[in-house]
Amino acid sequence: GQTSSKKSSVLNFVKRRLWLLIAVPYAIGILWTCAHPVVSIVTGELKCRGWFIDENSLDAGNFRYNANFLAPGSKQNGGRRISSLCEALDKQDMDNMDCQRLSSDTFEVAKLVPISNAITPVSEAIAIVIPSSSDWFVDPYHNGMLQFMQRLATAKESPWLAKTVLLIAPTSSTNHTLAETVSSFLDAYLGTRNGSDVQSLPPSFTTAMIRNLLVLDVASAPVDEAGVQTPLNEVLLMPQGRRGVLPNMDLVFLLMTVYSRANFLDTRRYETHFLLHPHAESSRRWRQLVASQPLPSSVQSWLNELGDLALFARTLALGPYPAHAPTLERGIDSITLQIRFRGHTARLQTQFILDFVKRLEGVVRALSNLHERLHHSMTQYLMPSPRKFVSHSEYLIPNVLLLLPLVVRAVSLILWQMEGNFDFSAFQVVVGIGGVVLGIYEASHYFVDPAALTVLLVVVYGSIPAAVRFLFPTMKNKTASYQSLHFLTCLTAIYFIIPLILGHVSLAFPSALLWSLLIGMLSHRPQRGVRHTIVLPLLLLITWPPILVQQVFGYYSPYISFVHLP
């Protein structure tokens, strides 16, 4: 008797304090995530983890760069412009280099094979993608890349080279972006996908397996609308790929190690923005807002990193994705480095560019020594600054805390609120809606016009309530039916979000944040009131797929179709 009374008192206490069990973990999860993190699970310290060098790689920070790249002259080649990579390399007279221009005139690719090495140099390759040029001998960046390739082709200058090096550039006659060039090159090198009609490269060019691909977009930025440039170096090291895929962290920190000592990153002499996402303007505005507040410097630093971490996650979830993103989908370790020099003299910009090309030797040397495939070191990660990272394992606990309201709500429904009156017709409704979701996802592949797909969604979603009333006209206990649907919805949300927590935290956090609020914290009952007649329909309208997709995502991704639609 005493045992049963104790159980009854505990159950009554839980019932009275149910809102605490739901709200407290939710609040702790949000605060923990924003602190990125308060307590590091991996290190056990009150800080994020810093950069590191892979144990199988060379420490590129100790390399010595003896190359002296010459600045280009404006009167080289008799004053005739050479806008073709292959034509420019032909004038370099290198026996161990071949160049190919596709008949489709989309891009050109140069292949450099080391003359002598202890291992077979044709087994693996490093690919470098750069923009096109109107004159390869006059433009400082492209002229420097020609000298760089010539240095790699000389066994005396580069005896360490152990891999084939591919240099890819779009033709000057096309308007292809670097992203389009990367996609075309992959189709030509590895085989076409999605019905592409790109011409294949000759077999002599595709013998080596591409281990790494670097997209190096270096240029002087145009003047602003006022015609005045503020001296500023903007360096964007962007690792993000589609579907939450990221390159090995070794590659990110390799480029950081090599270029952290570059003259254009000397913050004592030049204003420099070094970011890990493409949202430079948003980051600048956020930093200005933080700087305008009377806060301690440590708090301002934390807020600045929090803003950049959120923009990093936003890029993973929504884009825009860097040019190397298609390469990650092919299982190739790759990254994009975009640099813009603003407001400097032409001589200083040339010095910056040649210093960049000179240090590229350290990147190629480290990658040439490393025989490693794309394995996602540190699983997945977010980066609040170029020297810090937060692995997804750090966010495992706070995201689970965000899901606890769904778990607590489901347990309370099945243990005492429904009192054994589970309505199996609700299960049939959920299965039916799941079939509708699959049908909508399949239809999204055929409805090219977004308006047509929106009409389909309106018809389908509008017919669901009528179908439920027609199929189940004899539901006597509406409360039990609502509670049964609520219970199944909680389980469905948990089932969908847990895989995201383990693999794509950028989508897991907003999903858990929204679903726990709408499903776990709100008690859905068959009653009328302001919340049921105004608030909930308004939330449903804002998060309705045609509105959310058009305003945020832009297309019906698997996440929208399988996770968000229910």
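The values are calculated or read from the model by the stated rules, or taken from the named source; none is laboratory data. Fair warning: this is a prediction, and the values are worked out from it, not measured in the lab. As a convention, Cβ positions derive from the backbone with ideal geometry for all residues, glycine included, and neighbour counts pool all protein chains shown. Areas reflect the complete protein model, heavy atoms only, side chains present, ligands, DNA and RNA absent. Shrake-Rupley method; radii C 1.70, N 1.55, O 1.52, S 1.80 Å.
Things to note:
- In this Cβ point-charge picture (+1 for Lys and Arg, -1 for Asp and Glu), region 302-349 has a dipole of about 320 debye about its Cα centre.
- Between Ala23 and Glu157, the contour length at 0.36 nm per residue exceeds the Cα-Cα span by 41.8 nm.
- Within the shell of other residues whose beta carbon sits under 10 angstrom from the beta carbon of Ile210, the net charge comes to +1, with Lys and Arg scored +1 and Asp and Glu -1.
- For the peptides 296-309, 479-492, residues were scored by their other Cβ atoms within 10 Å and the scores averaged per peptide; the highest-first order is 479-492, 296-309.
- Using a Förster distance of 35 Å, the FRET efficiency for Cys34-Asp266 (Cβ separation, nearest 0.05): 0.60
- For the peptides 82-91, 247-256, the ranking by packing is 247-256, 82-91, with the highest mean count of neighbouring Cβ atoms within 10 Å listed first.
- Heavy atoms of Tyr65 accessible to a 1.4 Å probe, total area in Å² rounded to 10: 40
- Note that region 237-284 presents 35 Å² accessible area per residue, ligands and nucleic acids not counted, probe 1.4 Å.
- Residue ranges 154-164, 133-143 sort as 133-143, 154-164 when ordered by packing (mean number of other C-beta atoms within 10 Å per residue, highest first).
- Asp105-Arg64 pseudo-label distance in nm [points 7 Å out on the Cα-to-Cβ vector]: 4.9
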